[in-house]
Amino acid sequence: MALLVRRAFRHLSRVHDVLFRRTLLEREITIFDDDLFLTSYPRSGNTWTRFLVGNFVNPNEPVTFLNVERLVPDMYKTADWVLRRLPRPRVLKSHECFDARYRRVIYIVRDPRDVAISNYHWEMKLRSIPDGCPIEEFVPLWMDGNFWRRIGSWADHVNSWLATRQGQENFLLMRYEDLQANQRRELGRVARFMGLEPDASRINQAIERSSAANMRKMEETQGKKWVATFHTRSDKPFVRKASSGGWRAILPEKTVAYMESHWGSLMTQLGYPLSSESRKQVSEVTHANH
């Protein structure tokens, strides 16, 4: 009897924590087989993808920072009982490592050298690092998973999905850089993956509504009300440059070499050229010409 009472109290305590968001049991939310997860390591383009997909699926209701949690909800910001009541099939944002319950996944990956810079500014926006923190000191700590301990490092996260799902029909790998280079093509891939007609006019409308310029304008008026940013520094934007390759001008050469020495094989597998290889090729060509 005493054992049953103790179990009951533990259960009530757990329910209380979840209801009041004191404990985030992200891996224990209700998941349906027809759910579609937009999954990525943090700061890899997930929010932009949410806007693109949300604007394509809901052409009559433009996505904003004030309705995105209803149209393409963040599973970390919305209670499970609310998520369960959403129309199905649901499209959900996730930063989780591999979860076998995710039947359909669009996995967004980005060059980790740019991801590092984006995380650097995000942690500053969260006030977890000071303004003067040198980026060359931040990157090794970030690579060790110190800022996202529960999901690990970028490589941990990417490997967890590629090793288990790459090549399967219900898994779509999309590079942030490819989405930037050809939004129409990539959003068309997403539409077909979702079983929808890649209507050109709807795709163009979604792209226009989800532009970085439009998102920046919305952030200016809605950022203080959006659940993801209302508690963060308002002088640091959430939507930054939305570009690729910025690491070349920002990351010190030693930091780039450190990243590539640890994650080079995975970066090469994903099609991200290593700066060390580029320098080697230039050196070989220069040597041959002499």
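The values are calculated or read from the model by the stated rules, or taken from the named source; none is laboratory data. The structure displayed is predicted, hence computed values, not measured ones. Glycine also receives a Cβ, built like all others from the backbone with ideal geometry; neighbour counts cover every protein chain displayed.
Can you go through Arg22, Arg27, Arg10, Arg43 and tell me which one is outside any loop (DSSP other than H, G, I, E, B), charged (D, E, K, R), more than 13 Å from Met75 (Cα to Cα) and at pLDDT below 95?
Unique residue meeting the criteria: Arg10.
In the stretch 113-123, which residues are surrounded by 21 or more Cβ atoms within 10 Å (Cβ to Cβ) and within 12 Å of the chain's Cα centre (by Cα)?
Val115, Asn119
Keeping to the stretch 185-231, report how many residues are modelled with pLDDT of 90 or more, farther than 13 Å from Thr64 by Cα and not in a helix (DSSP H, G or I).
So the answer is 6.
Take the residues in the stretch 108-155 that are among the acidic types (Asp, Glu) and touching a Phe, Trp or Tyr at 6+ places or on another chain (Cβ under 9 Å); name whichever of them is nearest to Glu260 (Cα to Cα).
Here the residue is Asp111.
Considering the stretch 122-135 alone, what residues qualify as being part of a helix (DSSP H, G or I) and among the acidic types (Asp, Glu)?
Selection gives Glu123 alone.
Of everything in the stretch 136-178, what is surrounded by fewer than 17 Cβ atoms within 10 Å (Cβ to Cβ), outside any loop (DSSP other than H, G, I, E, B) and of a type outside the set (S, T, N, Q)? Give them in sequence order.
Across the stretch 136-178, the qualifying residues are Glu136, Glu137, Pro140, Leu141, Asp156, Ala163, Asp178.
Taking interchain pairs and intrachain pairs at least six residues apart, which have beta carbon atoms under 6 angstrom, with the first residue in the stretch 208-237 and in contact (Cβ under 8 Å) with a residue 12 or more places away in the chain and the second of a type in the set (Lys, Arg) and surrounded by 14 or more Cβ atoms within 10 Å (Cβ to Cβ)?
That search, which allows pairs on different chains as well, returns Val227/Lys77; Thr232/Lys125; Arg233/Lys125; Lys236/Lys125.
Among residues belonging to the stretch 46-73 that are within 18 Å of the chain's Cα centre (by Cα) and more than 26 Å from Phe98 (Cα to Cα), point out the one that is modelled with the lowest pLDDT.
Phe65
Mind listing whichever residues of the stretch 42-71 are within 25 Å of Pro112 (Cα to Cα) and either of a type in the set (Val, Ile, Thr) or out of contact with any strand residue (DSSP E or B) (no Cβ under 6 Å at 6 or more places or on another chain) (or both)?
Pro42, Arg43, Thr47, Trp48, Thr49, Phe51, Leu52, Val53
Can you work out which of the residues in the stretch 143-178 that are in contact with an Asp or Glu (Cβ under 8 Å, 6 or more places away or on another chain) and not polar (S, T, N, Q) is nearest to Arg233 (Cα to Cα)?
Looking at residues that are in contact with an Asp or Glu (Cβ under 8 Å, 6 or more places away or on another chain) and not polar (S, T, N, Q), I get Phe147.
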